[in-house]
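Structure first, commentary second.
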Amino acid sequence: MPNLILLMLSKDLRRELRSKEVFLSSFLFSLILLCIFYYAATSSSVAFEKLPNTALWICIAFSGTIGLHRTHQAELQNACYKALMMAPRDPGLLFLAKFAANATLLTIMSLLLLPLIALFFNLDLGSNLLKMIPGLVLGIAGFVAIGTLTVVISANTRISDILFPIIHLPLVVPVLIAGVNCTQKAMLGEISWTGIQILCVLNLVFLSLGFMTYAYLLEE
Amino acid sequence: MSFEVHLDKIDKVYGETWALKGVSATIQTGDRITIVGHNGAGKSTLLGLTATLTNPTRGTICYEIDGTVAKDRGQIRRHMSMLSHSPMLYADLTARENLKFFAGLYGVSTDHHGIDSRLEKVGMKAAGDTLFRACSRGMQQRISFARAMLGDPDLLLLDEPFSGLDKKGTERLKNILMTEYRHGWLLVTHDLGQGYEMANRLWIFKHGRLAHNLKKSELDFKEYVSLCEANLPEEVLR
């Protein structure tokens, strides 16, 4: 199992380092979102201190959706997913490996976003950064667990690029609410144990669901 | 090691289109079967079904490993590999990285030299560090062939395996199949001469049906060609 995760992770990271497809599209999109947020906030009377957290999760939600779709497109290109399916491995383990690779990529992107958010919104992250990590990582894990499943469901349709966000975004709402709650409290120096517990349960549910259903979803 | 596949009254329907209709046949250990048929006759669908990539609409496919019926797909897939006109390799990895990844995925132990010797066999050792996307169509097909041969599968599913290859490349891969590879295959091709030469059993598909299932020794090439070109009688099509 760890070997399979490492194998998938090294493959996806190597691919990404070469092509920078996912990173460039997701990160630049996040940057644009941050700019829009900043100018919208400065030209209105919105409470400025609440915006960094909102901006962070909106960036994760939208650029993460783009990123998940791009990584799945790479599997579809050259029909690579057929070679994956032909592997004598439990498809559930393939799901967990793919989930780990996707989650790592999105976590790296989000960690790179944090200093930018701090810069845009004049936020002192230093003291509360460690408190933010559990909520952020668990939130991203839940988001990616659902996305790794829904991207496969939508892939077999002719309108996968439209259908994927339509299916994915409503499903991740509970994860986003819990994630936003966790990181908002962390920015105030507190830890939201309830939020973390909810995220753990959601992760467990969606990872189990993916583990059990991936084989059926992969079949044409 | 014996590996047999039994197809029993297989139907495959996409929407309202019948891709396969009542196909029954057995692939025995070491059978080298050539499948021919016009476009849309159901050849590639049959390969996909045999590869466990998709399920039949009706009918059953039974896999027997050493005389025992196998149900576990992981166990079944260990004995098969597929090569089609899509290379099934990652564009942003090098040829060597691609083979290393799939060797790991398929549980084939290969060190650096093992990968190199496989690339050398298909004449691609020099291109080992070239990005797959930068390789020509023919080079990609050779590397893809090396991937398909990784686990020394008991049954190779070959869908137009020589597409994009020049004459030298085709001869090279054909030579590996005919002389070094010891197991069986299902070969889908439009080249009747090549298909006849490489087979010990011939399947002719027409309109989703297995119209003829013959031993090569039962007919010469001319008879084979005329069978391939003949239309199915109206009463069969109905």
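Within the listed set A:60, A:36, A:117, the residue fluctuating most in the Gaussian network model of chain A (springs between alpha-carbon atoms under 10 angstrom) is A:36. Rg and Dmax, both from the Cα atoms of chain B and both in Å, are 18.1, 58.
Fully extending the segment from residue B:71 to residue B:8 would add 21.1 nm, taking 0.36 nm per residue of separation and subtracting the current Cα-Cα distance. By the rule of a C-alpha distance below 12 Å, with chain neighbours fewer than 8 residues away ignored, the aspartates and glutamates paired with residue B:43 are B:159, B:160. Quick one: Cα centre-to-centre distance for the range B:61-134 and the range A:152-185, in angstrom? Comparing the Cα centres of the range B:61-134 and the range A:152-185, I get a distance of 34 Å. Between the range A:194-216 and the range A:87-138, the alpha-carbon centres lie 17 Å apart.
The magnitude of the dipole of chain A, with charges of +1 and -1 set on the Cβ of Lys/Arg and Asp/Glu and taken from the Cα centre, is near 280 debye. Candidate membrane-span-like segments in chain A, meaning DSSP H helices with Cα atoms spread over at least 27 Å of their own axis and a Kyte-Doolittle mean of 1.0 or above, are A:21-42, A:91-120, A:129-155, A:193-218, with no membrane implied. For residue B:19, the residues 5 or more places off, or on other chains, whose built amide H falls under 5 Å of its own are B:12, B:13, B:14. Cβ-Cβ distance of residue A:47 and residue A:13, R₀ of 30 Å, FRET efficiency by 1/(1 + (r/R0)^6): the value works out to about 0.20.
As a proxy for reagent exposure, B:116, B:152 were ordered by neighbouring Cβ count within 10 angstrom, fewest first; the result is B:152, B:116. Report summary: the helix-based calculation at 222 nm, which adds -39500 (n - 2.57) for every DSSP H run with n ≥ 4 and divides by the residues of chain B, gives -8500 deg cm²/dmol. Listed by chain and number, the lysines whose alpha-carbon sits under 23 Å from that of residue A:11, ignoring those within fewer than 8 places in the same chain, are A:20, A:82, A:98, B:100, B:125.
Please compute the alpha carbon radius of gyration of the protein assembly as shown, then divide it by the globular-protein estimate 2.2 N^0.38 Å. Two decimals is fine. List each step's numbers first, then the result.
Numbers: Rg = 25.9 Å, N = 458, 2.2 N^0.38 = 22.6 Å.
That ratio works out to 1.15.
Amide H contacts for residue B:211 (H built 1.01 Å from N in the peptide plane; partners 5 or more residues away or on another chain; cut-off under 5 Å): B:204, B:205, B:206. In order along the range B:162-179, the Karplus-derived 3J(HN,Hα) couplings, from 6.51 cos²θ - 1.76 cosθ + 1.60 at θ = phi - 60°, round to 9, 5, x, 8, 7, 4, 5, x, 4, 4, 4, 5, 5, 5, 4, 5, 6, 10 Hz, and Gly and Pro are given as x. Using the Cβ-Cβ distance between residue A:54 and residue A:158 with R0 set to 30 Å, the FRET efficiency works out to roughly 0.30.
Would you mind getting me the FRET efficiency between residue B:214 and residue B:191? Use the beta-carbon distance for r and R0 = 25 Å, nearest 0.05.
Efficiency for this residue pair is about 0.90.
Taking the longest Cα principal axis of chain B as reference, the axis of helix B:137-148 is set at about 80 degrees. Taking other Cβ atoms within 10 Å as a rough exposure proxy, B:203, A:193 sort from fewest to most as A:193, B:203. For the range B:52-184, the Kirkwood hydrodynamic radius comes to 15.7 Å, computed from all pairs of different C-alpha atoms. By the count of neighbouring beta-carbon atoms within 10 Å, fewest first, B:171, A:16 end up ordered B:171, A:16. How far is helix B:112-121 tilted off the main Cα axis of chain B, in degrees rounded to 10, range 0 to 90? Relative to chain B, helix B:112-121 is tipped by roughly 50 degrees. When you restrict to C-alpha pairs under 8 Å that are six or more residues apart and normalise by the size of chain B, the relative contact order lands at 27 percent. Averaging Cα coordinates gives a centre for the range A:22-86 and one for the range B:136-158; these two points are 37 Å apart.
Values quoted throughout were computed directly from the atomic coordinates according to the rules given, and no laboratory measurement underlies them. This one's a predicted model, so the numbers in the text were calculated from it and none came from an experiment. Here Cβ is always computed from backbone atoms with ideal geometry, including for glycine, and neighbour counts include all displayed protein chains.
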